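*Asks:* Handing you a structure now.
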Amino acid sequence: MGNLIVFLILAFVVVVVLLKTTIVVPQQSVFVVERLGKFSQTLHAGFHILLPFVDVIRYRHTLKEIAFDIPEQMCITRDNVQVGVDGVLYYKILDPERASYGVSNFEFAITQLAQTTLRSEIGKIDLDRSFEERTTINGAVVSELDKATAAWGVKVFRYEIKNITPPQDVLAAMEKQMRAEREKRALILQSEGQRDASINNAEGEKQQVIKASEANKQQQINQAEGQAHAILTVASATAEGIRKVADAIQTAGGYEAVQLKVAEQYVQQFGHLAKTNNTMILPANLTDIAAVVQTAMSAVRKQGA
């Protein structure tokens, strides 16, 4: 019975020694080992054997990129408006030894430094610009944190502002301002639309008047050209007719035909005068048709000469 108890005790001691001397470090993790209270080594992913009761794992770190929230804090802008600002920070441990011994709590230190830097940057700008200057503010916070955390073995990659919350009265004023701006833009767009419509109508009327005047001008030109063409045609026809009459007179019997035509016209016109007038003044030689025809033929001969 006593031997069994001794065996169990020895077995328990062996198990404890094995647990103290063998350690498996997960992937993307690192353990900081102290030997008799002093830094000894850092254990990376894999299987390791420690000295029992001498080596102790003091710190366990992850080498993954870590994101943690920066609590909301009140900041005062350059135009003296209090706003609540919170954010999220992304960092990664590059040197486990410095992260363990360079600062007592690097996450708390980073949080405080991020908040103080953020208050300083918010105080440099007005409230209206704080919403559009997020990228600049984020860059300034990362730059300041990177300078301080280099000694802690920590690399800050980026900082992002999540929310900027002004007081309710400021939000109400901003809402009124935005509504006024929208109404102003609507009135401007409406007036510009009316102006453009008036310009288009005036331009349309102008083009209509121009087109009408051009059409009237072309119509007058066409009428003038038509009248000129008609006059030229009549004149040409008359000249051609006179030329043919003159040529006919020069032929055999033409002169006698003209005499006969003149006598017929004389008698015909005299008959018309007798029908339309009751009172007529007759020349003394009215009955002497031969004399009248001779006078007309003399004029014809002169024109032919």
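*Asks:* Calculate the FRET efficiency for GLU175 and SER143 from the Cβ-Cβ distance with a Förster distance of 45 Å, rounded to the nearest 0.05.
*Replies:* According to the calculation, E is roughly 0.85.
*Asks:* Take LYS244 and GLN218, extend 7 Å from each Cα along the Cα→Cβ direction, and tell me the distance between the two endpoints in nm.
*Replies:* Label at LYS244, label at GLN218, 3.8 nm between them.
*Asks:* Next question, about the same structure. With the crude spin-label approximation of a point 7 Å out along Cα→Cβ, what separation in nm comes out for ASN163 versus GLN227?
*Replies:* 9.0
*Asks:* Okay, moving on. Can you list, largest first and rounded to whole Å, the semi-axes you get for segment 148-242 by taking the square root of 5 times each eigenvalue of its Cα gyration tensor?
*Replies:* The answer is 84, 23, 5 Å, longest axis first.
*Asks:* Now a separate question. Mind checking the dipole of segment 93-136: about its Cα centre, +1 per Lys or Arg Cβ, -1 per Asp or Glu Cβ, Debye to the nearest 20?
*Replies:* 100
*Asks:* Something else: Charges at C-beta only: +1 for Lys and Arg, -1 for Asp and Glu. How large is the resulting dipole of segment 49-172 about its Cα centre, in Debye rounded to 20?
*Replies:* It works out to roughly 440 debye.
*Asks:* Pop out the ³J(HN,Hα) list for segment 103-118 in order, Karplus 6.51 cos²θ - 1.76 cosθ + 1.60 with θ = phi - 60°, rounded to Hz; leave Gly and Pro as x.
*Replies:* These are the phi-based 3J(HN,Hα) values: 8, 5, 9, 5, 5, 5, 5, 5, 4, 5, 5, 5, 5, 5, 5, 5 Hz.
*Asks:* Cα to Cα, under 15 Å, and not fewer than 8 places away if on the same chain: which aspartates and glutamates meet these conditions relative to LYS20?
*Replies:* Hits, sequence-local ones excluded: GLU34, ASP55.
*Asks:* What do the square roots of 5 times the Cα gyration tensor eigenvalues come to for segment 66-166, in whole Å, largest first, as semi-axes of the equivalent ellipsoid?
*Replies:* In descending order the semi-axes read 27, 11, 11 Å.
*Asks:* Continuing with this model, one more query. Give the relative contact order (percent, whole number) for segment 1-149; include only Cα pairs under 8 Å separated by 6+ residues.
*Replies:* 17
*Asks:* Turning to a different aspect of this structure: Determine, for each peptide in 174-180, 19-25, the mean count of other beta carbons within 10 angstrom over its residues, then list the peptides with the highest first.
*Replies:* Descending packing order for the listed peptides: 19-25, 174-180.
Every number here is computed from the coordinates shown, using simple stated rules; none is lab data. From a predicted model like this one, the values you see are computed outputs, not experimental measurements. For neighbour counting, all protein chains shown are included, and Cβ atoms are generated from backbone atoms with ideal geometry for every residue, glycine included.
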